[in-house]
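The values are calculated or read from the model by the stated rules, or taken from the named source; none is laboratory data. What you see is a predicted model, and the numbers here were worked out from it, not measured in a lab. So basically every Cβ, Gly included, is an ideal-geometry build from the backbone, and we count neighbours across all protein chains shown.
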Amino acid sequence: MKAIEIQKVLKDKYHLDDHQSKDISQYIESIITDSIEPVTTIGEPMVAYQKASSSGSSGASHQDDIAVNTSDNNTTMISAALMPNISDLYTSNTSMLLDLLINKNQIGPKFLAERVFDMTQNTFRVYRNEKTKELPPRLKEIGYGIHELYNKGILLFGTKEKFEKWLQKEQYGLGYSKPIDMVNTMTGIQLILEELIRIEYGATA
C-alpha cells in the first residue's frame, strides 16, 4: 500500500486535511517499508500463508508460538484506516447499509442476521424494510466493518467464494479460530483484517 493510497483513505474516511493525511500516510509507508517487504503477486504471500497454516495445524504444541501479533503497529494502523468514520455510524441510513451488504457485497441475509448482528431473521427484515428503524451505532460499526472486510478479502483471494471458504477454516494466525466465528464484533473484524494484511505481505510465519 503506497503513501498516496493511505492518504486517500485518511482524507476520505477521517476527513483529515492534506498536511495531516500526508504526514501520517508517509509515516505508515515508512514503517511498512522498513519492516515488511511487499510482494508483487498474490501467489507468493498465499503460498507462504498456506505453508505457515499447514505447519502449525498438526499439533497443539505450537499454540504459544502462534503469530497473532495483535500489537504489531504496521498491520494495526493499516487495518484501523479501513474502519468506518465514527460520524458515519450516527448519520448513515440502516436500510442503505443493509442493501450495501446484501446487493454489493452479496452477503446473504441469514448470515448477516445470525452470524454478524446476532438477531433473528424476522428482526433483520424489520431493520431492512422499515426505513425509519435504525440499528444501534455499535451494530452499524460492525456492518461497515464487514463491508470493508469483504472488500479486502475478495481483493486478496480473487473471488467471494474463495474468501468465504477461507472464513470457514481454522486459521493458524488467528489462534486456530475460524474467522467466521469472529465477525460479530469489531475486535474480531479487526483481527481478521490484520491477518489478511499479513497474508497480503507474506508475513504469516
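Just a yes or no: is a residue in the range 140-163 among the β-branched types (Val, Ile, Thr), within 13 Å of the chain's Cα centre (by Cα) and farther than 15 Å from Met182 by Cα?
Yes, because at least one residue in the range 140-163 is among the β-branched types (Val, Ile, Thr), within 13 Å of the chain's Cα centre (by Cα) and farther than 15 Å from Met182 by Cα.
For the condition over 26 Å from Glu200 (Cα atoms), assigned to a helix (DSSP H, G or I) and not acidic (Asp, Glu), what is the one hit in Lys162, Lys131, Lys110, Lys152?
When all the criteria are applied, what remains is Lys110.
Only one of (1) within 18 Å of Ile197 (Cβ to Cβ); (2) touching a residue at least 60 places away in the same chain (Cβ under 8 Å); (3) in contact with a Lys or Arg (Cβ under 6 Å, 6 or more places away or on another chain) fails for Ile154. Which number is that?
(2)
Results for (1) crowded, with 18+ Cβ neighbours inside 10 Å; (2) in contact (Cβ under 8 Å) with a residue 60 or more places away in the chain, shown as yes or no for each residue.
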residue: Thr120; (1), (2): no, no
residue: Glu134; (1), (2): no, no
residue: Pro179; (1), (2): yes, no
residue: Asn184; (1), (2): no, yes
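Taking the stated definitions as given, is Ser87 loosely packed, with under 15 Cβ neighbours inside 10 Å and at pLDDT 50 or above?
Yes; evaluated as a whole, the condition is true for this residue.
Search the range 94-107 for residues being outside any helix (DSSP H, G or I) and surrounded by 14 or more Cβ atoms within 10 Å (Cβ to Cβ), and hand back the single one that is modelled with the lowest pLDDT.
Asn105
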